[in-house]
Amino acid sequence: MNKTMPFILVLMCFISGIAKADSFFCESDWDYMKPPLAADEYEAKIHDILKDITENQNYYNVPEQDARMYRILAESVNAQNIVEIGTSTGYSTIWFGLALKQTGGKLTTFEIDPERSAIARENFKRAEMNDIITLIEGDAHEEVLKLSEPIDILFLDADKKGYIDYLNKLLPLVREGGLIIGDNIMTDLADPVYVEAITTNPALETVVIAGVAYTIKKRSIKN
Ligand SMILES: C[S@@+](CC[C@H](N)C(=O)[O-])C[C@H]1O[C@@H](n2cnc3c(N)ncnc32)[C@H](O)[C@@H]1O
């Protein structure tokens, strides 16, 4: 490939993106997106609740595509214990809950705002997830100190400047092979201190994809 080739490829992507032309390397992920499919009546009911949350409850939730990824990861790692910081109205929580219904695990979620907590509690009730989800209302910086069980997935989606504190307090509880998912890791939103912590620690492996940081706590190598 000569030196001008990368520029030509980028230009072609840009132009074909505008023209919505199909191309081997420019095709957008969005072209593949289909709504989630329900395998049974329960899952269909949950999809309806999730749709209702995003369409009728006016609080910020993660994008559907991200939440679906979190569900896939939770089911893949056979998560038994998920900790979520930042419940809001429980949208991401319920997506994790779908995975936990399969793995037999549980989730603890933290929310500081009483109004959002009340809506989330109602959403968990109608999703029939009260038995697997515990909502702790209060400041997660204090409340997480009461946790003691090993964590399979730690999901950070609250105050961005607080991520480093949550990491410092909870990394010791994340099991080896466990995941830390940090939402909103875009350059203008992410706390550089958190980014530094997850990208310079040799015990961790991190990639950032579409503004979400996926970090694994590496297993110790046994010789
Ligand atoms: C981006 S929203 C969470 C969205 C949610 N994960 C979802 O996708 O449905 C962030 C939430 O974190 C909560 N929050 C912010 N600081 C907090 C703290 N110190 N402790 C607990 N919750 C906090 C906010 O009240 C807000 O509801």
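Could you tell me the extents of the chain's C-alpha atoms along the three principal axes, largest first, rounded to whole Å?
58, 46, 36
Say we join alpha carbon atoms closer than 10 Å with springs in a Gaussian network model of the chain; which of ALA120, ALA38, ALA67 then has the biggest fluctuation?
Between ALA120, ALA38, ALA67, it is ALA38 that shows the largest mean-square fluctuation.
Modelling each spin label as a point 7 Å along the Cα-to-Cβ direction, I'd like the LYS34/GLU115 distance in nm, to one decimal.
Label at LYS34, label at GLU115, 3.9 nm between them.
Which whole-number percent gives the relative contact order of the chain, counting Cα pairs below 8 Å spaced six or more residues apart?
Here the relative contact order equals 14 percent.
Which of PRO35, LEU156, ALA203 sits farthest toward the positive end of the charge dipole of the chain, with +1 on the Cβ of Lys and Arg and -1 on the Cβ of Asp and Glu?
Looking along the dipole axis, the top candidate is ALA203.
Quick check: residue separation of ALA210 and GLU196 times 0.36 nm, minus the Cα distance between them. What number comes out in nm?
Details: separation 14, 0.36 × 14 = 5.04 nm, distance 1.80 nm.
Going from the current span to full extension adds 3.2 nm.
Could you sort 80-86, 187-193 so that the peptide with the highest average Cβ count within 10 Å comes first and the rest follow in order?
In decreasing order of mean packing, 80-86, 187-193 become 80-86, 187-193.
Using a simple charge model, +1 on the beta-carbon of Lys and Arg, -1 on the beta-carbon of Asp and Glu, nothing else, what dipole does the chain show about its Cα centre, in debye to the nearest 20?
720
Positive end of the dipole of the chain, charges at C-beta (+1 Lys, Arg; -1 Asp, Glu), about the Cα centre: which of LEU98, GLY86, ILE72 has its Cα farthest in that direction?
Of the candidates, ILE72 comes out farthest on the positive side.
Of the cross-linked pairs LYS51/LYS161; LYS101/LYS125; LYS106/LYS169, which ones have a Cα-Cα span greater than 25 Å in the structure shown?
Over 25 Å Cα-Cα: LYS51/LYS161.
Return the percentage of antiparallel bridges among DSSP beta bridges fully within the chain, rounded to the nearest 5 %.
The answer is about 35 percent antiparallel.
Every number here is computed from the coordinates shown, using simple stated rules; none is lab data. Since the model is a prediction, treat every value here as computed from it, not as a measurement. Quick reminder, even Gly has a Cβ in these numbers, built from the backbone with ideal geometry, and neighbours come from all protein chains shown.
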